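Right, one structure below, let's go through it.
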Amino acid sequence: MPYYRITLTPLGPIGTPLVSGTLWGHVAWGIRYGEGEEALTQWLAEQEESPWLLSSFMPCGFLPKPLLKPVVRTRESADLTVMRKEKRARKKQYISESLFLRIRSNMSETVIDQALSEGALDEEDTEPLFLEKTRAHNRIDRLAGRTPQSGGLYFDELHFFKEGKALQGFAYTREPCVDRLESLLNLVGENGFGCNASTGCGQYRCSVTEEKKLFQYTGNRMMSLSHGVRTKNMLHVRYRQHVHFGKTGGHYATGSFSPFKYPLLMMCPAATFTPSDDGPFGELLHGVHHDPALASIVHYALHLPLAFSEVEV
């Protein structure tokens, strides 16, 4: 049961966040166009019993800062420098892998904040990982052949990653498939991930290697690295909400079909929970599109979990 580390280097701007469900959908279309319709049908059937688990992407060398039981904060000093450093530590979205591995057997909010405020913040400043730029568009009135006088202007955001900056994600499959996974992900990168792929957005290259150290641990809690939903085998969950406005891809994104799926309420990465069994956690969601002709469409809302031990403070 191998785990994989995916190292992804953007080759240009990316218009769609690299979240687990969207990436899983792109992989599915990569199988359809790279291996054929029968291969996709077989792969989708396998996902119900032994799914591929994918994480959302994060800065290389970092993991989401886990959501832990909040503690009552007391202040013995009013030193502004200390207060600012503590505030900065609490606002961090990521912690380094080395810090996570060092404290994973004795995890608490106090331990993390203390480690960050005592110098782990200086290991590398991960924000901003990318620069956001707003791009203006104006629609064309097809009857008049020109832009309208009002109401035609709209905007979207592009993420320009710093040169040389790479992202990382993780994956799990029941059977070894490092070459297939890398080939599919690079096929997605060649054709463009997410929106505006036809204008050069979403292109990247990636490499996949087996990951052994990070997932070789059993604790009393787990942290999700994915955007997913809660299921009954996830107890005492702490999470932040994310509303996912998904769209269809491939040849379903063109022609007579509406590209828009139903909005989905999900949990962000860094959600923590107590497992009641061995998983999987989360599920593949069915009935996510209003068109009966697209009833077979599913949305990936599973979790790739990372174990740790949370202690009472």
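Values in this text are rule-based calculations from the coordinates and carry no lab data. What you see is a predicted model; the values in this text were computed from it and never measured. A quick note on method: Cβ atoms are made from the backbone with ideal geometry, for glycine too, and the neighbour counts reach across all protein chains shown.
Assorted remarks:
- What the Cα atoms of the chain give is an Rg and a Dmax of 21.1, 70 Å.
- With 19 Å as the limit on Cα-Cα distance, the pairs of Lys69/Lys91; Lys165/Lys212; Lys65/Lys85; Lys85/Lys213; Lys92/Lys212; Lys232/Lys261 that go past it are Lys165/Lys212; Lys85/Lys213; Lys92/Lys212; Lys232/Lys261.
- For segment 84-97, 3J(HN,Hα) per residue [Karplus equation, 6.51 cos²θ - 1.76 cosθ + 1.60, θ = phi - 60°, Hz, x = Gly/Pro]: 5, 5, 5, 5, 4, 5, 5, 7, 4, 8, 10, 10, 5, 4
- Compactness of segment 196-241, expressed as Rg and Dmax over alpha-carbon positions, Å: 16.9, 47
- Calculated [θ] (222 nm, deg cm²/dmol) that DSSP helices of n ≥ 4 give over the chain, each run adding -39,500 (n - 2.57): -7000 deg cm²/dmol
- Rounded to the nearest 20 debye, the dipole size of the chain about its Cα centre is 1020 debye, using +1 on the Cβ of Lys and Arg and -1 on the Cβ of Asp and Glu.
- Compactness of segment 206-313 as Cα Rg over 2.2 N^0.38 Å, two decimals: 1.29
- Per DSSP, loop trypsin sites (Lys or Arg not before Pro) in segment 202-249 with at most 14 further Cβ within 10 Å: Lys212, Lys213, Lys232, Arg240
- Once backbone amide H atoms are built at 1.01 Å from N, Met266 has His242, Val243, His244 as its partners under 5 Å, excluding neighbours fewer than 5 places away on the same chain.
- Counting only Cα atoms, segment 1-112 measures 66, 34, 21 Å along its principal axes, largest extent leading.
- Protection-proxy order for peptides 44-55, 22-33, each taking the mean of Cβ atoms within 10 Å per residue, highest first: 22-33, 44-55
- Helix 20-35 vs. the chain, principal-axis angle (Cα, 0 to 90°, nearest 10): 40 degrees
- Cα centroid of segment 224-285 to Cα centroid of segment 171-197, whole Å: 19 Å
- For segment 160-225, the list of chymotrypsin sites (Phe, Trp or Tyr not before Pro) that fall in a loop by DSSP and count at most 13 other C-beta atoms within 10 angstrom reads Tyr217.
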